[in-house]
Amino acid sequence: MKYYLLGTFWICLAVMGITTTAQADIIAPNMATNQPDRSIQANIDHQSTHTSTPVPSQVNGNLQSTANIPTAGMNRMELAVYDYVNKYRQSHNLPPLVVDPAISAIAKAHSEQMARTSNLSHDGFNDRTDSVSQTIVYRSAAENVGYNMGYAQPEAIVVHDWIASPGHQRNLIGHYDVTGIGVVKNDKGEYYFTQLFIRKAYYVKDAD
């Protein structure tokens, strides 16, 4: 068994151009045995300790939409991730993210690609943000990806691991207002997750 720690990606849109920062990837072996496979993106500067808690304590409870926004087209697991993340943000006195169907389609396409290749990665991140920019003028963007299999609640596990990872957690409570989520299961029973975080630039002056 292996689990992977991948570098976080974020991008800032500036008036004079685009500045992109990407941290290098690291790969570490999982020394645990007799555990389901579990893999997430993490900040290269920090190595998080994962626990076996099945559901994030900050978001435990009955699932329900945390914002009056359209969630049509989202499958049960995508909606669960969305609610868990928004409940976690609310626990930090932050407003909920609004899901955007077009951004969710972009996230889902990446999850489908990872599921086809069984490869957790941020490959094509710049292409995804370019696609977002076709419909939304944004100031900044970030991405969390994750993978697991063998759990009764894979959506709860991935959010728990994101919360436990400094890089992911920073994205979860970041100054973003729009999100897109895609979750795909392949024939091997592996679940792949992609969540994009977008901060809109409502005015030209906000894009500096």
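At full extension, Thr135 and Ala152 could sit 2.5 nm farther apart than now, given 0.36 nm per residue minus the alpha carbon distance.
Determine the shape class of the range 119-191: with a ≥ b ≥ c the square roots of the Cα gyration tensor eigenvalues, call it rounded for a/c under 1.5, and otherwise prolate if a/b is greater than b/c, oblate otherwise. It is oblate, given that a/c is not under 1.5 and a/b is not larger than b/c.
Accessible area per residue for the range 107-167 in Å², computed with a 1.4 Å probe and the full protein assembly in place, what is it?
That works out to 36 Å² for each residue.
Carbon-plus-sulfur fraction of the accessible area of the range 74-208, 1.4 Å probe, in percent?
Of the solvent-accessible surface of the range 74-208, carbon and sulfur hold 51 percent.
The values are calculated or read from the model by the stated rules, or taken from the named source; none is laboratory data. Since the model is a prediction, treat every value here as computed from it, not as a measurement. Heads up: the accessible areas ignore ligands, DNA and RNA and are worked out on the full protein's heavy atoms, side chains in. Shrake-Rupley method; radii C 1.70, N 1.55, O 1.52, S 1.80 Å.
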